[in-house]
Amino acid sequence: MIQTTLTEPISAARARAAGEIDRSLATGIAWSAAAKWSSQLISWGSFLVVTHILAPSDFGLVGMAVLYYGLLQLVTDAFGTAVTTLRDLTDEQLAQMNSVALISGGLAWVLSCGVASPLGHFFKSPRLPLVVVAMSTMFLMSGLRMIPYSLLYRDTRFRLLSILDAVQAVAQALTMLVFVWLGFGYWTLVIGNIAGAATLAVLQISCRPHRFARPRLSSIRNALTFSRHIMVGSCSWYGYSNADFLVAGRVLGQTALGAYTLAWTLATLPLEKVTAIVTNVSFAYFSAAQKDLALLRRHLRILTEGLSLVTFPATIGLALVASDLIHLLFGAKWDGAIIPLEILAFYASLRCITTLLPSILNVTGESRFVMWVMQGALVLMPMVFYVGSRWGPTGIAYGWVIAYPAVAACLYWRTFRKIEMPLGDYLQALRPALTGCVTMTAIVEVLKRTLIVGLPLPVRLALEVLSGSAIYVLTLTLFHIDRLFSFWKFLRVPRQANRLESVTEQSLNL
């Protein structure tokens, strides 16, 4: 296994291997990020056109169906996770899992047809059932493409996957533009989503086709057990992650829910735009290294340090400028979102780095433990949110800060024990970002209370952002320049073998 301390020797061969893995990981993240952000630019462009033509009620109608679809989609995703993680599956077993994924997609579509009418009655929307049935055809497409996609993902074909995602985004955007121009109303959104899913399924199956085989329980029992753990854990996560919105809407009403939703959306932007990409790519590498504890420890340190350096200043910075930001961008009528935003920003800081832990636990045989932790959170979090709702959106936001650390502590304890990682090594990876954020917070708070008091709001916000950013970068430069250089080396790992031989222990062991 790769040595992980600065005092342990590391061979030139291991340096080559580590360098190649680093380069592949960094490249995968870069391709995924480029595809994600470019796809969003395309989607946002068509979205702006569509929003000017359709009514808010059209988006609300489709949004109800998407909420249901997102929950049931976790079922078929679980089989793909099993294929990615269980790397000793034979070709015959993969063919059987391909059939299982397709069958699960078909069953999900049948279930959707059965619950469509009850969902329409629940949401008091007579148009919803047909929308649910139509959008549920995407379960069939998901079942068809899940194993081909998982094989591409397992082989770390992130460049190809990124290109396919971009093609999907273009197809979906063009479809929506055509159908909104033809006057299809809310069906524009439905058809656009279906067209995007169909395009992606065809492309992924074409790039990595795999045969089907009759499933035999005795042959794929372990894979199905693992899939069940992932499925239950994912559904539990989906439940507790949305419980705050359910409590806010049910107990506090639409106005409070609107303020809380705005605060949540802003606070979790770094989580959605950065952490999700890193977590998605890193799982493939964690899976490949599931028996190499040293490599798992090393990549957990590298990714944790990188995520904290990028996301901590963003989330903590949002908390520092929450009041001025809300007033400038949204107006005084959104004052109710200020304190929840400040609180949720601190929760987002922790969430940004803990999302890596379930991935490591799942690939190291701890999927059952993750499932139980998620189920415990599903019981704990809604109760805390309900109690916190007595104090409005602020109380619900405090629920995350108070209760989620208990969930995270369970994941940390099991992860450190499983991969034999000392707590001190992990905290060392967080030290640069924490030092920079503490200094940034102190300086910005002093500025807010002294020098910039009374300045126009746009000027004040600009000075807060610029001064905070400058202080953060300056602190890292003065006290952690070695860590910045080490991280830069990771991002530009040299390809030439002779240069890889000269990589030092310090640059390899972030």
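Observations on the model:
- The set of residues in the range 350-387 that are open to solvent by 10 Å² or more (accessible area, probe 1.4 Å), part of a helix (DSSP H, G or I), of a type in the set (S, T, N, Q) and under 18 Å from residue 303 (Cα atoms) comprises 359, 362.
- Taking first residues from the range 422-441 that are closer than 12 Å to residue 302 by Cα and open to solvent by 70 Å² or more (accessible area, probe 1.4 Å) and partners that are of a type in the set (Asp, Glu) and modelled with pLDDT of 95 or more, no Cβ contact under 9 Å between residues at least 6 apart in sequence or on separate chains turns up.
- Any hit, the range 328-335, residues being part of a helix (DSSP H, G or I) and buried (at least 18 other Cβ atoms within 10 Å of the Cβ): no
- Within the range 85-159, helices (runs of 4 or more DSSP H) holding 2 or more residues that are more than 27 Å from residue 210 (Cα to Cα): 91-122, 128-135
- Close contacts from the range 163-183, counting a first residue that is among the aliphatic types (A, V, I, L, M) and a second that is not in a helix (DSSP H, G or I), with Cβ to Cβ under 8 Å and a gap of 6+ residues or different chains, come to 180/54.
- Single unsatisfied condition, residue 37 versus (1) closer than 28 Å to residue 211 by Cβ; (2) open to solvent by 60 Å² or more (accessible area, probe 1.4 Å); (3) modelled with pLDDT under 70; (4) not hydroxyl-bearing (Ser, Thr, Tyr): (1)
- Sole residue being buried (at least 17 other Cβ atoms within 10 Å of the Cβ), without any contact (Cβ under 8 Å) to a residue 60 or more places away in the chain and either not in a helix (DSSP H, G or I) or not aromatic (Phe, Trp, Tyr) (or both), chosen from 319, 243, 256, 284: 319
- Some residue of the range 453-460 being under 30 Å from residue 249 (Cβ atoms) and either surrounded by 17 or more Cβ atoms within 10 Å (Cβ to Cβ) or modelled with pLDDT of 95 or more (or both): no
- Enumeration of residues in the range 52-66 that are part of a helix (DSSP H, G or I) and either at pLDDT 70 or above or touching a strand residue (DSSP E or B) at 6+ places or on another chain (Cβ under 9 Å) (or both): 52, 53, 57, 58, 59, 61, 62, 63, 64, 65, 66
- Subset of the range 306-316 [surrounded by fewer than 23 Cβ atoms within 10 Å (Cβ to Cβ) and not aliphatic (A, V, I, L, M)]: 306, 308
- Selection count where residues are open to solvent by 10 Å² or more (accessible area, probe 1.4 Å) and among the aliphatic types (A, V, I, L, M), scope the range 109-134: 7
- Considering (1) in contact with a Lys or Arg (Cβ under 8 Å, 6 or more places away or on another chain); (2) under 28 Å from residue 359 (Cβ atoms), the lone condition that residue 436 does not fulfil carries the number (1).
- Within the range 190-213, not a single residue is polar (S, T, N, Q), closer than 30 Å to residue 363 by Cα, touching a helix residue (DSSP H, G or I) at 6+ places or on another chain (Cβ under 7 Å) and outside any helix (DSSP H, G or I).
The values are calculated or read from the model by the stated rules, or taken from the named source; none is laboratory data. All values reported here derive from a predicted model rather than from experimental measurement. Positions of Cβ are backbone-derived with ideal geometry, glycine not excepted, and every protein chain shown enters the neighbour counts. The accessibility values were calculated without ligands, DNA or RNA, using every heavy atom of the protein model including side chains. Shrake-Rupley method; radii C 1.70, N 1.55, O 1.52, S 1.80 Å.
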